[in-house]
Structure formats: C-alpha cells, structure tokens
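Student: Submitted below is the structure of interest, expressed as structure tokens.
The values are calculated or read from the model by the stated rules, or taken from the named source; none is laboratory data. It should be emphasised that the depicted structure is a prediction, and the values quoted were computed from it without experimental measurement. For neighbour counting, all protein chains shown are included, and Cβ atoms are generated from backbone atoms with ideal geometry for every residue, glycine included.
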Amino acid sequence: MVSSPSLEIKGTADASEGFKKWSLEYGQGEDPGVWVLLGEGNNPVKDGIFTTWSLSNVPNGIVTLRLTLSGENADVDNRIRLNLSLPTPTPPLSTPTETPSPTSFPTDTPTPTLEIIIPTDTPVLAAPTETPTTAP
C-alpha cells in the first residue's frame, strides 16, 4: 500500500540488442482502458530512476503501472498494481486562531521507491496469450 504523496520509480529497461525505447505509464484499476504517460526515453536505463511520480492528483484505490520496452522485433511490457491510500485533507470547521509555534527544523523524509525490472533479452514477436489474474 502506498501512502506517500510521491513515489520514486526505479528499475531497468534494457535489451542485449535491438533496443529502441522505453515508456512508463499508469492507469486506474486492475485493467486500465486509458493510460497516462509518466515518462519515456530512447536510452536504456540500468538500475536507474525512471521518474518521481507525484500522486497529488491521483485518486486513492488500485492503479496499474506499465513499463514497455520497445525493440526492433517487438514490444514487451511489465505491469504491477499498487493500492494508493493517501491521506485526504480535512477542511477546518472554523477559522483558526493564529498561535505561535516553536521553531522546528526540517527533517529528511525518505521517498519510497518502486523497482521494475524488464528482462534484458531482445524481445521476440510472439502471439499474445491471456494472463490469468488472481483476486487480491
């Protein structure tokens, strides 16, 4: 479950030969009909950061991330599902009275990371097959 307002997405998108590009997208639900592009590139990524995803405009619930690797012979994608559970701001009931507060010092808050690894073999065109899914 993801409860942080941003998510650092790290991983690898590479092929032994024939690499063209990678793209990272997300969609609402377990089998999205619409995908939103988070990032893309024409250079391989090896154990690197694809993007830091701001979740401020993404509603809570299940989202699916899709990393697609495009090669000379085919496209290969890898998907993972995340359950977002971000705090919802509560509006104040009345106008707050300004109260001085003690001086505080900022602290480093680690950004959660998510790692996606695509196989490094050159993609080979194959007939699509249905992937069974299990209910959570």
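Student: Out of (1) buried (at least 16 other Cβ atoms within 10 Å of the Cβ); (2) at pLDDT below 90; (3) polar (S, T, N, Q), what's the single condition that is false for Thr64?
Tutor: Every condition holds for Thr64 apart from (2).
Student: Do we have Thr51 as surrounded by 11 or more Cβ atoms within 10 Å (Cβ to Cβ), modelled with pLDDT of 90 or more and out of contact with any Ser or Thr (no Cβ under 9 Å at 6 or more places or on another chain) here?
Tutor: Against the criterion (surrounded by 11 or more Cβ atoms within 10 Å (Cβ to Cβ), modelled with pLDDT of 90 or more and out of contact with any Ser or Thr (no Cβ under 9 Å at 6 or more places or on another chain)), Thr51 qualifies.
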